[in-house]
Amino acid sequence: MIERTLSIIKPDAVKMKVSGNIINIFETNGFQILAMKKIHMSYKQAQDFYKEHQARPFYHDLCTFMSSGPVIVQILEKENAIKANRDIMGATNPADADTGTIRKMYGESIDNNAVHGSDSATSAVREIGFFFSELEIVQ
Ligand code: CMP
């Protein structure tokens, strides 16, 4: 099934100037980029985006990190895009990520792990709607 997923290239990867490399990985793996923009989230926006994690001990640090600098948000589309993107990203903790995955290559820690990708179809719909209006999405 052709799916859409929401990708975020996080502040650590943008600062390291590897966002182009990461976009290249998406393109060479057959993802269509239906929308893309660079934004600098406020702490409050990061809190809203990650609200499902609000009870977790890492929530404050996560929101501080995600609002620490610009990020690149994208809508990626391909067959089984949600799982395909999670496979390419690798495990949440770069120490556990397989060789060749984005987090293995560019992540430094579970907090600074280079990329985010939607974890389910329900999350993808919510996360895409959080950042993009219909007018911003290539049809
Ligand atoms: P992400 O895919 O953006 O979703 C939530 C983020 O919280 C996750 O990547 C990690 O960067 C961060 N995080 C920090 N600690 C943990 C943890 N123990 N479990 C899951 N995510 C964590």
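Odds and ends about this structure:
- Flag for LYS17 being part of a loop (DSSP other than H, G, I, E, B) and open to solvent by 30 Å² or more (accessible area, probe 1.4 Å): yes
- Filter result for GLY129 (free of Cβ contacts under 8 Å to residues at least 24 places away in the same chain, more than 10 Å from the ligand (Cβ to nearest atom) and under 13 Å from the mean Cα position of the chain (by Cα)): no
- Matching residues, region 94-126, being more than 10 Å from the ligand (Cβ to nearest atom) and not in a helix (DSSP H, G or I): ALA97, ASP98, THR99, GLY100, THR101, GLU108, SER120
- Residue ID - least open to solvent (accessible area, probe 1.4 Å), chosen from residues in region 40-91 that are assigned to a helix (DSSP H, G or I) and among the polar types (S, T, N, Q): ASN85
- Any hit, region 30-43, residues being within 22 Å of ASN85 (Cβ to Cβ) and of a type in the set (S, T, N, Q): yes
The values are calculated or read from the model by the stated rules, or taken from the named source; none is laboratory data. Small disclaimer: the values here were computed from a predicted structure and weren't measured. Neighbour counts run over all protein chains shown; Cβ positions are idealised from the backbone, glycine included. For accessibility, only protein heavy atoms count, side chains too; no ligands or nucleic acids. Shrake-Rupley method; radii C 1.70, N 1.55, O 1.52, S 1.80 Å.
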